[in-house]
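This report concerns only the one structure given below.
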Number of protein chains: 2
Amino acid sequence: MSVTIKDISKQVGVSYSTVAKALNNSPLVKESTKRKVMEAAEALGYTPNLAARSLVTKRTGLVGIVWPGIDRAALSSLVTSIQRRLAEKGLTALLSIHEPQEAIATFENLRADAILLFEESTADIIARPSHRRTPMISIGMPIKPGVPYVDMNRREAIRLAVETLAGKGYERIAYIGPYAEASMQQQEKWIGFKEGLHQAGITFQEEWIIDSRGLLWQDGYRAAKQMLKLSERPTAVISGSYDLAAGIIRAFQGEGLSVPQDIAIISYDHIPHMEQLEIPISAVGVAEADIATAVTDTLLRAIESIDNVSDRTSLTPAYIHRESD
Amino acid sequence: MSVTIKDISKQVGVSYSTVAKALNNSPLVKESTKRKVMEAAEALGYTPNLAARSLVTKRTGLVGIVWPGIDRAALSSLVTSIQRRLAEKGLTALLSIHEPQEAIATFENLRADAILLFEESTADIIARPSHRRTPMISIGMPIKPGVPYVDMNRREAIRLAVETLAGKGYERIAYIGPYAEASMQQQEKWIGFKEGLHQAGITFQEEWIIDSRGLLWQDGYRAAKQMLKLSERPTAVISGSYDLAAGIIRAFQGEGLSVPQDIAIISYDHIPHMEQLEIPISAVGVAEADIATAVTDTLLRAIESIDNVSDRTSLTPAYIHRESD
DNA sequence: TTGTAAGCGTTATCAT
DNA sequence: ATGATAACGCTTACAA
């Protein structure tokens, strides 16, 4: 059996409700007894029982994160950032790498204060009975009506990349990212690409979208190699993600190409890592910090009252110049 | 308020204790009422309250994993594997990416049935009062006396790699991995390297350990490039991890080197991913599946009784031949 | 400033 | 086969 407030109360010689108050630093308790309680708690190795507490308070202070379990630097970085912000607000983030279904069930059983769904958690499996449940928000994409989401406007971000490149005079612009079997989030990107080309008055050519299939750096490397074989070589390329970009510049370096002289590159994913690559890469996207803030705020509001948060929180992407274009 | 067993009992017209039994599929309950209860539960959208349950059962079925939050494929892969095995045993894995201190506190408050520490969780911060607490085991390294660990014998694994290479006639063997400021786990590896050389009667040369600094693929790439500049080029190289190996072969390909003709490679990390690299890489180490099994078993035994598990569970590494040596 | 007691949603032990 | 009821460890009126 682990130590409870009753054990402490015996030690100190006060009632256990006084101990409870002392532990919660209530102003109703005399400083001196507070101190004694704290000391006894320390000495006995007391650990509060969250279950008991939450049973009465109806709050756990837990935020469940349904993690796609994908090794992508951009995602890890974002989740870390979110976790920190939540901690500042007194909330504790817990990740589950189970199937979304199971993960959600676990967090509901735990009575997490809110659930955050990461993008790849595939939409349709998530059945939600009409009953009031744990507030749930999704990041990146609308998962289900009734689950508000934070939208980072990937379409607009990529469009902006094209606009920027076109503005600098580039006309042979390629896009590397998942294409044929892309998820909705990834589709948005090449839609933005086409839109940008159109606005810039550049005729779209099918072969200038190179399908990377996946989103890992290996995929970027492969796609870039493939791109460089094109008879008419692009002079600029837009990468669909940080990890892809890392692979792409690796391929360029392998071919002895210099950036941006031989070929320019702008990548999606506005994260600090981008600066650390061998060649600091210009980026488009909503800054990681802004996403983290928006997500945290939305989560907090959802905890207050889920009806209080709009179905879609839209963030505005920006372009950050570095040395790659 | 969410739905409780009392709500169900009202619906069905039985006492809530009967509902409880029905929900737990007790044989003491008539099939027909069981069915009615289940239906009502479903209809009302009942979600069991883990807090209330665990308060009386003293078990949560939760295993807390303290995650170093490092982007390494080998680790993600392993944790996923562990998670699956735990699920088979009816346990739910939850990850925390907080600081080890906080993470442990969280899991203790939650009354997780056990805590699993991943290697990089730096040892000394983990203070443990003498009181009985949540069983805790660590993977990879002894963290603290009293915290049993599962040892994958990295030293022996790398030694085996050297032996294998030497047995095939290679004499100019290099090692790429963290060196100068390596953690204890990483030190073990180059100790195994030196040991292997010694046994093979090869004189150790300082410059044949190339310090990768980190453990990411970028680090491997950089170190390999550096290695290739050596006046006397190695004919075989041992990589300290999967991710490093990925970077290393990338570098080789960039230089137009073919594996294993121009240079052979064996890597630490016995994981499935190794097969998927452009060049399937021979590996040494304890198979991921075996680690996962050992960890899960140890965890289960620790939950039974922490005294029941030995301080060190030692696993035996193996060599797996692929096409890289 | 401290103590008493009710109650949170379950499980488990007795009765019935 | 079902129902009462006492825990579990805590918070929170309410009393003293």
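Read-outs: derived from the displayed coordinates by stated rules, not from any lab. All values derive from a computational prediction rather than experimental measurement. Please note: Cβ atoms are built from the backbone with ideal geometry, for glycine as well, and neighbour counts cover all protein chains shown.
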- Note on the structure: Here D for the stretch B:190-288, in µm²/s, from Stokes-Einstein with a Kirkwood Rh over Cα pairs at 10 °C and 1.306 mPa s, works out to 116
- Message: On C-alpha positions alone, give me the angle between the axis of helix A:184-200 and the longest principal axis of chain A, in degrees, nearest 10.
- Response: 40
- Query: Cα axis of helix A:31-44 to longest principal axis of chain A: angle in degrees, 0 to 90, nearest 10?
  - Reply: 70
- Item | Selection of trypsin sites (Lys or Arg not before Pro), the stretch B:166-204, meeting DSSP coil and at most 15 other Cβ within 10 Å | B:Lys168
- How large is the dipole of chain A about the Cα centre if only Lys and Arg carry +1 and Asp and Glu carry -1, each at its Cβ, rounded to the nearest 20 debye? 1600
- So, by mean Cβ neighbours within 10 angstrom, what's the order for B:303-316, A:209-222 with the highest one leading? A:209-222, B:303-316
- Query: Percent of alpha carbon pairs in the protein assembly as shown separated by more than 36 Å?
  - Reply: 48
- Message: What's the ranking of A:236-245, A:259-268, B:265-274, A:87-96 by average number of surrounding C-beta atoms within 10 Å, highest first?
- Response: A:236-245, B:265-274, A:259-268, A:87-96
- List the distances, in nm to one decimal, from the label point of A:Arg312 to the label points of the same position in every other copy, shortest first, placing each label point 7 Å from Cα along the Cα-to-Cβ direction. 6.0
- Message: Quick check: the distance between the Cα centres of the stretch B:48-68 and the stretch B:283-300, to the nearest angstrom?
- Response: 24
- Averaged over residues of A:245-252, the number of beta carbons from other chains lying within 10 Å of each residue's Cβ is 2
- Task: Could you tell me the largest-minus-smallest coordinate of the C-alpha atoms of the stretch B:250-295 on each of the three principal axes, in descending order and whole angstroms?
- Result: 41, 15, 12
- Note on the structure: Relative to chain B, whose Cα atoms define the longest principal axis, helix B:154-167 and its Cα axis are tilted in degrees, nearest 10, by 40
- Would you tell me the mean number of C-beta atoms belonging to other protein chains that fall within 10 Å of each C-beta in B:44-52, as a whole number? 6
- Between the stretch A:212-240 and the stretch A:301-325, how many Å separate their Cα centres? 29
- Query: Across the residues of B:83-93, average count of Cβ atoms on other protein chains within 10 Å?
  - Reply: 2
- Once you list every other residue whose beta carbon is under 12 Å from the beta carbon of A:Asn24, what net charge do they have if Lys and Arg are +1 and Asp and Glu are -1? +3
- Normalised contact order of chain A, rounded percent, pairs of Cα under 8 Å and 6 or more residues apart: 16
- Which net charge results for the neighbourhood of A:Val63, defined as the other residues with beta-carbon distances under 11 angstrom from its beta-carbon, given Lys and Arg at +1 and Asp and Glu at -1? +1
- Over all pairs of different Cα atoms in the stretch A:1-95, the reciprocal of the mean inverse distance gives a Kirkwood radius in Å of 15.7
- Sorted shortest first, the nm distances from the A:Pro272 label point (7 Å along Cα→Cβ) to its counterparts in the other copies are 3.3
- Message: Under 8 Å for C-alpha pairs, at least 6 residues apart: give me the relative contact order for the stretch A:5-48, rounded to a whole percent.
- Response: 38
- Query: Any idea what the A:Arg233 label distances to the other copies are, label 7 Å down the Cα→Cβ vector, nm, shortest first?
  - Reply: 2.4
- Message: Placing +1 on the Cβ of each Lys and Arg and -1 on the Cβ of each Asp and Glu in the protein assembly as shown, which of B:Ile173, A:Trp217, B:Tyr149 has its Cα farthest towards the positive end of the resulting dipole?
- Response: B:Tyr149
